[in-house]
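Just below is one structure, and these are the notes that go with it.
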Amino acid sequence: MWSGPRNISTAMMRAWGNRDDTAVVDEPLYAHYLKITGKDHPGAAEVVAAGETDHEKAIERLLGSVPGGKRVYYQKHMAHHLLPHMDRGWLRRLTNVFLIREPREVLTSLARHVPDATLPDTGYPQQAEVFDLVRAWTHRVPLVVDARDVLENPERILRLLCEALNLPFTDRMLYWPPGPRDTDGVWGKYWYKEVYATTGFQPYRKKDEPVPDNMKGMLAECEHHYRHLHAHRLWH
């Protein structure tokens, strides 16, 4: 599941992690991303120390056996963790799904956590790149899920997603116990406090905050990539 920051990616991981047949992994390329970029994210040194900083070793694990002998391996990825030097060929061995969110809402939220964010930090260019690669490889339109659609009707969208993946839907995807999980990354205490308090997807609430001046220049490009994927979203 390829998302960008400030999306419902952790809630979506909760939904899949609550299935009996599914193992989840939380942003397995994050440690490598931080080591290479030197980004000053909350708890960065802790993330690098705890994670696999060799991206080839991390990818090898992602393509190996599913933890716990489960049927499904749900991998929560941030698209911007796919740095330019990383080969994309391994993605052919995954079923790639894209979780998108309206850029204005992403940027206003991202500004509070990463005030100097640049276009690559949003994940939109990388989502579009991988979407186009997968479409070219498979000759099929990859699956796209919009965060707003999920929040407005979680059961309908998750049923559609499971159907498209040839997996059974279960009501367990709609509700989960509050609090952290052993499968959460060590960064959870910095980023997941809101999710810790939830027991399901929260109702959609439109946000009308203005995009910060330093991000207005990249809003149009984010919207371009977003519309490219949004046209193919699961919604009916």
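For the reader, a short list of remarks on this structure follows.
- Helices (runs of 4 or more DSSP H) fully within the range 177-236 counting 3 or more residues that are surrounded by 16 or more Cβ atoms within 10 Å (Cβ to Cβ): 216-230
- Of the residues R6, R19, the single one that is closer than 16 Å to D182 by Cα and either part of a loop (DSSP other than H, G, I, E, B) or more than 17 Å from the chain's Cα centre (by Cα) (or both) is R19.
- Number of residues in the range 53-90 that are in a helix (DSSP H, G or I), touching a residue at least 40 places away in the same chain (Cβ under 8 Å) and in contact with a Leu (Cβ under 7 Å, 6 or more places away or on another chain) equals 1.
- Number of positions in the range 79-103 that are buried (at least 20 other Cβ atoms within 10 Å of the Cβ) and under 21 Å from K39 (Cβ atoms): 6
- Looking only at residues in the range 102-139 that are among the basic types (K, R) and farther than 18 Å from W90 by Cα, the one that is modelled with the highest pLDDT is R104.
- So T138, is it surrounded by fewer than 16 Cβ atoms within 10 Å (Cβ to Cβ) and touching a Pro at 6+ places or on another chain (Cβ under 9 Å): no
- Residue match in the range 154-168 (condition: hydrophobic (A, V, I, L, M, F, W, C), within 17 Å of H225 (Cβ to Cβ) and not in a helix (DSSP H, G or I)): no
- T183 vs. criteria more than 17 Å from the chain's Cα centre (by Cα) and among the polar types (S, T, N, Q): no
- Answer residue from the range 133-191, given it is among the β-branched types (V, I, T) and without any contact (Cβ under 8 Å) to a residue 60 or more places away in the chain and is farthest from A11 (Cα to Cα) among those: T138
- For the range 147-162, taking the residues that are in contact with a Phe, Trp or Tyr (Cβ under 7 Å, 6 or more places away or on another chain) and acidic (D, E), the one that is farthest from P203 (Cα to Cα) is identified as D149.
- Test: residue in the range 22-42 that is more than 19 Å from P120 (Cα to Cα), at pLDDT 95 or above and surrounded by fewer than 16 Cβ atoms within 10 Å (Cβ to Cβ): no
- Scope the range 13-29; condition closer than 11 Å to Y175 by Cα and out of contact with any strand residue (DSSP E or B) (no Cβ under 6 Å at 6 or more places or on another chain); matching residues: R14, A15, N18, R19
- Condition met for T10 (out of contact with any Pro (no Cβ under 6 Å at 6 or more places or on another chain), of a type in the set (S, T, N, Q) and either within 24 Å of L165 (Cβ to Cβ) or touching a residue at least 24 places away in the same chain (Cβ under 8 Å) (or both)): yes
The values are calculated or read from the model by the stated rules, or taken from the named source; none is laboratory data. Here the structure is a predicted model, which is why all the values come from computation and not from measurement. Here the Cβ is made from the backbone with ideal geometry for all residues, glycine too, and neighbour counts use every protein chain on show.
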